[in-house]
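A.B. asks: Structure provided below as structure tokens; questions to follow.
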Amino acid sequence: MLPFKLIYDDGYDLNLGAHVFPSRKYRMIRDKLLADGMADAGDFLAPSPAKDEDILRVHSQDYVRKLKNGSLSYAEILQLEVPYSRGLIDACWLAAGGSILAGQQAMKDSWAANIGGGFHHACPDHGVGFCVINDVAVAIRRLQFDRAIERAMVVDTDVHQGNGTAAIFGGDGDVFTMSIHQENNYPYPKPASTVDINLADGVGDEDYLAILEKHLQRAFHDFEPHIIFYVAGADPYREDQLGGLALTMDGLARRDALVMDYARRNRCPVAITLAGGYARRVEDTVAIHVATIMAARDAAGRNARSVIRD
């Protein structure tokens with residue numbers, strides 16, 4: 001049994017078939033966690049879809065109306081890069097509800113993970129790059145609205161810059177956005193995050209980890225978040241079809257452990273969302289995401305032992 005909750009629903013799978021975005025990975029992650037004994041059924045919570053009022057704290061009324069009544073233009077649908085359907089909208093509202101619930105559970109238990117979400121390209125008035133609703137932004141605004149938090153930090157390790165998150169929180173001193181990504185990759189242009197770590201093509205484990213740690217040190221020196229949303233991309237993997245970095249599975253696991261350790265030492269709750277991953281073998285993407293959950297489990301265990309010693 002895990003020391004925190006996992007948020008999951010079968011509705012996360014968009015049933016996209018041969019699409020490069022492997023939405024079946026969500027079910028595969030859940031199944032692997034259960035089959036390998038890393039989690040049991042009691043570790044999972046099913047989310048409710050986000051309420052429209054939650055979505056509207058982040059996205060424009062006109063955009064939400066178009067999504068819900070099916071009146072997006074052809075160009076707007078092309079930007080999404082996933083086929084529009086009623087099922088897509090249901091899944092996106094559900095993923096946003098999952099990230100809200102992950103944030104709420106993290107505030108209770110110090111850790112939680114949404115096996116889904118991390119749709120960081122979605123902007124206030126449009127969706128792009130497989131991202132329709134920015135679930136992390138929706139969750140942060142809901143926690144702020146409920147006065148559960150004042151300040152949040154987003155640590156985004158997807159290979160692609162979190163342009164939507166940057167656009168939503170630009171100029172907001174209560175939300176610190178950090179994105180470590182491949183510079184010569186989607187999206188173009190890249191609006192400014194609080195901190196953008198622009199990596200050259202082909203960066204591998206050791207350089208990546210050293211750069212990330214330096215910026216985590218600075219971030220926690222400059223900002224004291226009440227919660228971290230960790231957007232844990234699997235796509236810095238060296239065999240990812242949409243990425244150009246060269247991290248190994250071991251390097252990605254060390255990346256996760258590094259982020260978790262900084263959160264633990266700064267006594268900051270962490271809500272995880274499992275973001276992009278497009279490995280040639282979907283099983284590799286699944287293994288990377290499962291390792292992120294295990295890194296949180298290990299950090300939670302170290303935190304519990306530290307509390308006992310104190």
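A.B. asks: So is Gln104 farther than 14 Å from Leu274 by Cβ and surrounded by 13 or more Cβ atoms within 10 Å (Cβ to Cβ) or not?
C.D. replies: Taking the combined requirement at face value, the residue satisfies it.
A.B. asks: Just to be sure I understand the filter: pairs with C-beta atoms under 9 Å, separated by 6 or more residues or on different chains, first member in the range 27-41 and assigned to a loop (DSSP other than H, G, I, E, B), second member among the β-branched types (Val, Ile, Thr) and surrounded by 16 or more Cβ atoms within 10 Å (Cβ to Cβ). Which pairs pass?
C.D. replies: Close Cβ pairs satisfying both conditions: Asp36/Val290; Met38/Val290; Met38/Ile293; Ala39/Ile293.
A.B. asks: Against the definition (assigned to a helix (DSSP H, G or I) and buried (at least 23 other Cβ atoms within 10 Å of the Cβ)), how does Met294 come out, yes or no?
C.D. replies: When the stated conditions are applied, Met294 does not pass them.
A.B. asks: Then there's this: Return yes when Ala210 is out of contact with any Pro (no Cβ under 6 Å at 6 or more places or on another chain), under 23 Å from Lys5 (Cβ atoms) and assigned to a helix (DSSP H, G or I) and no when it is not.
C.D. replies: no
A.B. asks: Would you check if Ile197 is in a strand (DSSP E or B) and either at pLDDT 95 or above or among the aromatic types (Phe, Trp, Tyr) (or both)?
C.D. replies: Judged against the criteria, Ile197 is a match.
A.B. asks: Here's another thing I want to ask about it. Please go through the range 143-152 and pick out each residue that is within 21 Å of Ala263 (Cα to Cα) and either assigned to a helix (DSSP H, G or I) or within 12 Å of the chain's Cα centre (by Cα) (or both).
C.D. replies: Of everything in the range 143-152, those that are within 21 Å of Ala263 (Cα to Cα) and either assigned to a helix (DSSP H, G or I) or within 12 Å of the chain's Cα centre (by Cα) (or both) turn out to be Leu143, Gln144.
A.B. asks: Would a scan of the range 110-131 turn up a residue that is at positive phi, surrounded by fewer than 23 Cβ atoms within 10 Å (Cβ to Cβ) and among the aromatic types (Phe, Trp, Tyr)?
C.D. replies: yes
A.B. asks: Pick from Ile288, Ile211, Ile197: which is under 19 Å from Val155 (Cα atoms), β-branched (Val, Ile, Thr) and out of contact with any helix residue (DSSP H, G or I) (no Cβ under 7 Å at 6 or more places or on another chain)? Even if it seems obvious, please write down each step before you answer.
C.D. replies: Values: Ile288 fails: out of contact with any helix residue (DSSP H, G or I) (no Cβ under 7 Å at 6 or more places or on another chain); Ile197 fails: out of contact with any helix residue (DSSP H, G or I) (no Cβ under 7 Å at 6 or more places or on another chain).
The unique qualifying residue is Ile211.
A.B. asks: Report the residue count in the range 214-238 for those that are over 19 Å from the mean Cα position of the chain (by Cα), in contact (Cβ under 8 Å) with a residue 40 or more places away in the chain and surrounded by 15 or more Cβ atoms within 10 Å (Cβ to Cβ).
C.D. replies: Counting residues in the range 214-238 that are over 19 Å from the mean Cα position of the chain (by Cα), in contact (Cβ under 8 Å) with a residue 40 or more places away in the chain and surrounded by 15 or more Cβ atoms within 10 Å (Cβ to Cβ) gives 2.
A.B. asks: Would you mind stating whether Asp261 is farther than 23 Å from Asp36 by Cβ and either of a type in the set (S, T, N, Q) or assigned to a helix (DSSP H, G or I) (or both)?
C.D. replies: Yes; evaluated as a whole, the condition is true for this residue.
A.B. asks: Which one of Ala139, Ala96 is touching a Ser or Thr at 6+ places or on another chain (Cβ under 7 Å) and under 15 Å from Glu53 (Cα atoms)?
C.D. replies: Going through Ala139, Ala96 in turn, just one is touching a Ser or Thr at 6+ places or on another chain (Cβ under 7 Å) and under 15 Å from Glu53 (Cα atoms): Ala139.
A.B. asks: Is it the case that some residue within the range 93-100 is in contact with a strand residue (DSSP E or B) (Cβ under 6 Å, 6 or more places away or on another chain) and small (Gly, Ala, Ser)? Quick ask: steps written out before the conclusion?
C.D. replies: Initial filter on the range 93-100 (in contact with a strand residue (DSSP E or B) (Cβ under 6 Å, 6 or more places away or on another chain)): 98-99.
Next, from what is left, pick out any that are small (Gly, Ala, Ser): 98-99.
Looking for residues that are in contact with a strand residue (DSSP E or B) (Cβ under 6 Å, 6 or more places away or on another chain) and small (Gly, Ala, Ser), one finds at least one in the range 93-100, hence yes.
A.B. asks: Among what's in the range 2-26 and is in contact with a helix residue (DSSP H, G or I) (Cβ under 6 Å, 6 or more places away or on another chain) and part of a loop (DSSP other than H, G, I, E, B), pick the residue that is surrounded by the fewest Cβ atoms within 10 Å (Cβ to Cβ).
C.D. replies: The first filter runs over the range 2-26 and keeps only residues in contact with a helix residue (DSSP H, G or I) (Cβ under 6 Å, 6 or more places away or on another chain), leaving 2-9, 11-14, 22, 25-26.
Retained after the next criterion (residues that are part of a loop (DSSP other than H, G, I, E, B)): 2-4, 8-9, 13-14, 22.
On the way: Leu2: 21, Pro3: 15, Phe4: 22, Tyr8: 23, Asp9: 23, Asp13: 17, Leu14: 22, Pro22: 20.
Within the range 2-26, the match that is surrounded by the fewest Cβ atoms within 10 Å (Cβ to Cβ) is Pro3.
A.B. asks: Tell me which residues, restricted to the range 93-135, are assigned to a helix (DSSP H, G or I) and either modelled with pLDDT under 95 or within 18 Å of Lys25 (Cβ to Cβ) (or both).
C.D. replies: Matches in the range 93-135: Leu94, Ala95, Gly98, Ser99, Ala102, Asp135.
A.B. asks: So how many residues does the range 44-83 have that are surrounded by 11 or more Cβ atoms within 10 Å (Cβ to Cβ) and small (Gly, Ala, Ser)?
C.D. replies: Final tally of qualifying residues: 5.
The values are calculated or read from the model by the stated rules, or taken from the named source; none is laboratory data. Keep in mind that this is a model prediction, so the values were computed, not measured. So basically every Cβ, Gly included, is an ideal-geometry build from the backbone, and we count neighbours across all protein chains shown.
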